[in-house]
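Take a look at the structure set out below.
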Amino acid sequence: MMPKKIMFGENAAKEFPYPENSLVITTTTPDIYNKWLDYMGIKNYEVYDKVTPDPAIETVEAIQKQYERRNIEAYIGLGGGSSMDVCKYLSKLTGVPKILIPTTFGTGAEMTTYAVISFNHKKKLLQDEAFLADAAIVDPYFLPGTPFNIMRNSACDAAAQASEGYDSKAGNPFTRFFCKEAFDILYDAIMNDKHNMLPYGAMLSGIGFGNSSTTLGHALSYVFSNEGVPHGYALSSCTTVAHKFNKSIYYNRFKDIARKLKFEPLKLKKPLDQAADDIMPDRGHLDNNPIAVSKQDIMKCLDEIVNTNPLA
């Protein structure tokens, strides 16, 4: 499954015919998103800019209530994964079409049927065909000026998704083709500082893992994200250790990426056995892992992540 319409490349966001009376959903500030909107040339729109990272269901419900009588013709998720995830869930609730435009390139969210929303302060991975974009626009215009931390977190996320998606038991030759192509492009882009290729690699990654799944690395990462570690940062060590556990063909090259991006070791406040208890119900990731995973396996992985330096 892919979005009904995909526009990729230079000027893609400028040339798209946006519906009038759209609601732009973003996490950024007016000094940033006004430049984006000027470039896009969008007319007759409203902006909701109070979305925060790791958005909660309460945010989605607040937007729905605020705009339910405004006759909004389309939602435009403009920004990182959080903006797009809110847009996806809101569209499912209301039936209003959604246009997804990434400004960071890592989640691949614009291509997938997945959304991550927090319920009771815990992130939950959701999957629904209703989350698929009506249109996805991937334009490298948004890449220059991206802060290094955001760029490296996004790049690591995209590489983790591509490599975990390749290993997923839910994959098939079609998804593995996209995941392999994506990882090869991302590896070259990161290791050789060809940052202009990150949007393309992330887009292909979204098509690949979005039709299979991510696996153990992502399952491990959420306990760190729940303690405030950015998602891509958490994946640097979590996916490295998961690939080692799975004997993945991507173990060494993914580790190369994490080291090139200069990620530091992770710490965890929660005791390892409690963290493992939080991870075990995540069947969406664990059931698709290429090797069966027990609670003891998870505790060993967490121990390696927090008590050694898996990137050394």
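What follows draws every value from the coordinates through simple rules; no lab data is involved. Remember, predicted model here, so these are calculated numbers, not experimental data. Cβ: placed from backbone, ideal geometry, glycine included. Neighbour counts: every protein chain shown.
The stretch between N149 and E68, if pulled fully straight at 0.36 nm per residue, gains 25.5 nm over its current Cα-Cα span. Rounded to the nearest 20 debye, the dipole size of the chain about its Cα centre is 400 debye, using +1 on the Cβ of Lys and Arg and -1 on the Cβ of Asp and Glu. The Cβ shell under 15 Å around A202 holds other residues with a net charge of -4, Lys and Arg each +1, Asp and Glu each -1.
Candidates I150, A160, Y200 compared by Cα position along the dipole of segment 150-225: farthest toward the positive end lies A160, with charges placed on Cβ. Of N192, N226, N289, which has the largest mean-square fluctuation in a 10 Å C-alpha GNM of the chain? Evaluated over the chain, the most mobile residue of the options is N192. For segment 1-117, the number of Lys pairs with C-alpha atoms closer than 24 Å, counting only pairs eight or more positions apart or on separate chains, is 29. Counting only Cβ charges, +1 for Lys and Arg and -1 for Asp and Glu, the dipole size of segment 157-312 around its Cα centre is about 240 debye.
Give, in nm to one decimal, the length gained when the segment between T29 and K262 is fully stretched (0.36 nm per residue of separation minus the Cα-Cα distance).
Numbers: separation 233, 0.36 × 233 = 83.88 nm, distance 2.79 nm.
Gain on stretching T29 to K262: 81.1 nm.
Over the chain, DSSP H runs of length four or greater, each weighted -39,500 (n - 2.57), average out per residue to a 222 nm ellipticity of -15000 deg cm²/dmol.
Evaluated with a Cβ-only charge set (Lys, Arg +1; Asp, Glu -1), segment 220-312 carries a dipole of roughly 420 debye about its Cα centre, given to the nearest 20. Of the residues P230, P290, P281, the one that moves most in a GNM of the chain with alpha-carbon contacts below 10 Å is P281. Taking a straight line from the alpha carbon of K300, these aspartates and glutamates sit under 14 Å away, with near neighbours fewer than eight places off in the same chain left out: D273, D277.
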